[in-house]
Amino acid sequence: MNRLFAGFVLLIGLSLLFSCSKKTIVYQADGKMEDFSPVYTDYNYMSAKAKVVIEEESGKITRGSLNLRAKKDSVLWFIISPGMGMEAVRGLITQEKIQIKDRIGKEDVNLTFKEFEAVYGLKLSLDIFQNVLFANPPHEVDYKDRLVRVGKSFELTQVRDKVRYFSKVDVNYRKVSELVSNSLDDRGSLLASYATFQEIDAKPFPFEVLYKLAYQLPEGGQNTIINVEWTSVDPYSDPLSFPFKF
């Protein structure tokens, strides 16, 4: 599988902004969350662009741009370009599967989420992608979870489908500021650190994000670091197209 995609799959296991404005405003919290009530992002359709830097375990560094389109609870479509107008990777993620067209390495991916987990050791879903994009808690909170207030954060521990998720939810932003997830068999893990938030309609949205992920390839375990800076995001009420062909 293309290393660029391997990094990106967890990246968008990536923090997506939802903005009506191109102007960046640093979010300033004006109150503290007394009870656990995180802010969730709501949208129908959106498109977004970002700058990405991917650092591989071998020392290789890839810089490029990301174009993303989304329909809530339905589809994520993306293109990664290293520059000069060249398309490197095109992908489509739905409720059922992950499809990737690798135009450089020619190592295409067309797998259900269960098949992807069996090969790469990462348990993913469209819901997980969306929640990590928006700095939401990975799952809805229920009685099985552990939730405690520690200083300026709520610490939330959840176990779902043999994966442990540990989230710090900032009491001011009411968003996840740090997420660590590990499969209980130690085959894959993801760390997401949300450095800054942008104020959109008086609500916080992640703007700069650092991801660190570990996953399995045939030659052994791999580690990748991804830095993301979103540059523009636009919401739409009318449907967007999601062109994809193998």
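The values are calculated or read from the model by the stated rules, or taken from the named source; none is laboratory data. Bear in mind that the values here come from a model prediction, so they are computed numbers and not experimental data. Glycine gets a Cβ as well: all are built from the backbone with ideal geometry, and neighbour counts include every protein chain shown. Quick note on the areas: whole protein, heavy atoms, side chains included, nothing else; ligands and nucleic acids left out. Shrake-Rupley method; radii C 1.70, N 1.55, O 1.52, S 1.80 Å.
What to note about this one:
- Cross-link table LYS72/LYS162; LYS123/LYS212; LYS97/LYS144, entries beyond 20 Å C-alpha to C-alpha: LYS72/LYS162; LYS97/LYS144
- Whole-number accessible area per residue in Å² for the range 58-217, which is evaluated in the context of all protein chains at 1.4 Å: 47 Å²
- Computed lengthening from ARG63 to TYR143, 0.36 nm per intervening residue step minus Cα-Cα distance: 24.5 nm
- Estimated D of the range 44-122 in µm² per second, where Rh is the Kirkwood radius over Cα pairs and Stokes-Einstein applies at 10 °C, 1.306 mPa s: 115 µm²/s
- Note on ASP185 and VAL159: their simple-model spin labels are 1.7 nm apart, each label 7 Å out from Cα toward Cβ.
- Neighbour-limited loop hits for GluC sites (Glu not before Pro), the range 160-246 (at most 15 other Cβ within 10 Å; DSSP other than H, G, I, E, B): GLU219
- Global geometry of the range 127-246, whether rounded, prolate or oblate, following the gyration tensor of its Cα atoms and the 1.5 cut on a/c: oblate
- Using the Cβ-Cβ distance between SER37 and MET86 with R0 set to 35 Å, the FRET efficiency from 1/(1 + (r/R0)^6) comes to roughly 0.20.
- Short-range pairs are left out: with C-alpha atoms under 8 Å and at least six residues apart, the relative contact order of the range 149-246 is 15 percent.
- Heavy-atom SASA rank of ILE225, ILE54 (probe 1.4 Å, accessible area, largest first): ILE225, ILE54
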